[in-house]
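Notes follow once the structure below has been shown.
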Amino acid sequence: MEKNRIKQAYLDFVLNEGHPPQSVFKLTQQLGIAEQEFYAHYPNFEAIDREIWADFGHRARTAAAAEPVWEGYSSREKLLAFYYTMLEILKQNRSYALMSLRRSLKKMPGLTPRVLDDFRQDFEIFVSDLLAAGRVSGEIANRPLVQEGYPRFFWQQALFVLGFFAKDDTVNFERTDAAVEKAVTLSFDLVGRNTLDSAFDFVRFLVRR
């Protein structure tokens, strides 16, 4: 399929040269195809980068959900499984992933770089589904006034994990694995039922008397 061939040629070029091709013409010339063939599939090189990252996320969700234990997992465990699977995929593609993250996150510290736009959209839908299931099971507290913002909160967590991965210089990114566990534990402690929810329930009980 020509689209996959273009994407692979772009990826190979970035890995070999450390930067994208100078122009679409240069890449299509290397492939022996007309420039218009490229534009039939992608508007620019940035679109390929966004698709590659979206592919990483899709592969991680699909692989994690294919595990026999997935259906028995809590929402917290499912998010952990996703992150750990995602990290394994990034390790397998570490040269491109690190190059892309270090270039993008450095330009936009604290903000979502465009290269992650498609990944972010899919991630927030995935997290929304996890949180909805968690509210049904009671794992997640029902807080109508704030819970609409949870997917964006969890996306900031994902950015933290990716940024940590990009800077991690430990063997096999061991510190990133530990950071994931601590970050997910904290986030689910915050969105789960806690003392504050018990206090609100008690106040509502008193008001209704």
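The values are calculated or read from the model by the stated rules, or taken from the named source; none is laboratory data. As the structure is a computational prediction, the values presented were derived from the model and not from experiment. Ideal geometry is used to build each Cβ from the backbone, glycine not excepted, and the neighbour counts take in all protein chains shown. Heavy atoms of the whole protein, side chains included, go into the accessibility calculation; ligands, DNA and RNA do not. Shrake-Rupley method; radii C 1.70, N 1.55, O 1.52, S 1.80 Å.
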task = Give, in whole angstrom and from largest to smallest, the semi-axes √(5λ) of the equivalent ellipsoid of the chain, with λ running over the eigenvalues of the Cα gyration tensor.
result = 40, 18, 16
Of Lys3/Lys91; Lys91/Lys182; Lys26/Lys107; Lys26/Lys106, those spanning more than 23 Å from alpha-carbon to alpha-carbon = Lys3/Lys91; Lys26/Lys107; Lys26/Lys106
remark   = Of the accessible area of the range 41-110, computed with a 1.4 Å probe and all protein chains kept, carbon and sulfur make up a percent value of 54 percent
message = Between Ile33 and Asn93, how high is the FRET efficiency from 1/(1 + (r/R0)^6) when r is the Cβ-Cβ distance and R₀ = 30 Å? Nearest 0.05.
response = 0.75
task = Please name whichever of Gln156, Phe56, Tyr84 sits farthest to the positive end of the charge dipole of the chain, dipole taken about the Cα centre and charges placed at Cβ: Lys and Arg +1, Asp and Glu -1.
result = Gln156
ask   = Pulled fully out, how much extra length does the chain show between Arg135 and His58, if you take 0.36 nm times their separation in residues and subtract their Cα-Cα distance?
value = 25.3 nm
The range 1-125, dipole about Cα centre (Lys/Arg Cβ +1, Asp/Glu Cβ -1), debye to the nearest 20 = 440 debye
key: Percent carbon-and-sulfur accessible area, the range 1-40, ignoring ligands, DNA and RNA, probe 1.4 Å   = 45 percent
ask   = Which value, in Å², gives the accessible area per residue of the chain when a 1.4 Å probe is used on the protein heavy atoms?
value = 57 Å²
remark   = Whole-Hz Karplus couplings 3J(HN,Hα) for the range 49-54, θ = phi - 60° and coefficients 6.51, -1.76, 1.60, Gly and Pro as x, run 4, 4, 5, 4, 5, 5
Ordering of 68-81, 11-24 by burial proxy (mean other Cβ atoms within 10 Å per residue, highest first) = 68-81, 11-24
Stretchable slack from His41 to Arg193, in nm (0.36 nm times residue separation minus alpha-carbon distance) = 50.0 nm
inquiry  = For the range 103-184, what does the relative contact order come out to in percent, with C-alpha contacts under 8 Å and a separation of six or more?
reply    = 24 percent
request  = Could you name the aspartates and glutamates whose alpha carbon sits less than 13 Å from that of Lys7, not counting residues in the same chain fewer than 8 places away?
outcome  = Glu37, Glu46, Asp49, Glu51, Asp55
